[in-house]
Amino acid sequence: MRRLRETNARPTPMTERRSGMDRRRKSPFNSRGLFWGGRRESGRRYTDRQRPMLADRYQQSLFGVIVLILFLSVIDAILTLFLINHGAIELNPVMAFYLDLGPYTFLLVKYALTSVGLVILLVFHNRFLNSMGIKAGAFLYVTLAAFVSVVSWEMYLISRVMT
């Protein structure tokens, strides 16, 4: 190790020994936060908030919206099965395929697809979409509005079938 002379106390570029590589281990998953409660709600820096990250805590409103969407998804599937039994047809070819496999498969696939989509929206909810000028979390509310519309439409159709 080379000593600096007392007269030349400032380091020169020759004395810089850092490699420039970040030695900190970066993990997208924090198991400590999963089991004992974490503290991370969002990124601290602007650059951290621009990339997807898994947070330890989320807003309670997001939890409520996600639970409501899952509930409406199950209600939608049950109402769809009721309408199918009364002469309606499934227009979505993917869901029609699973409906042909059976009602339980249809319910399971509908719930699984909705859940996977919601997890993706939750992970990216802080991401700002520059092309549209909105945050990705807004799609949770759009999805909620879509499910409310679909369930309302199915209720209207059921009222027409019952009369």
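Just so you know, all these numbers are worked out from the coordinates, no wet-lab data involved. None of these values were measured; they are calculated from a predicted model. Cβ coordinates were reconstructed from backbone atoms using ideal geometry, including for glycine residues, and neighbour counts include every protein chain displayed.
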| remark: Note, LYS110: beta-carbon cut-off 13 Å, +1 each Lys/Arg, -1 each Asp/Glu, net -2
| query | With Cβ to Cβ distances under 14 Å as the rule, what net charge do the other residues near MET95 carry (K, R +1; D, E -1)? | reply | -3
| request: Quick one: pull the percentage of alpha-carbon pairs in the range 58-162 with a separation above 17 Å. | output: 57
| Within a Cβ distance under 10 Å of THR80, other residues only, what is the Lys/Arg minus Asp/Glu net charge? | -2
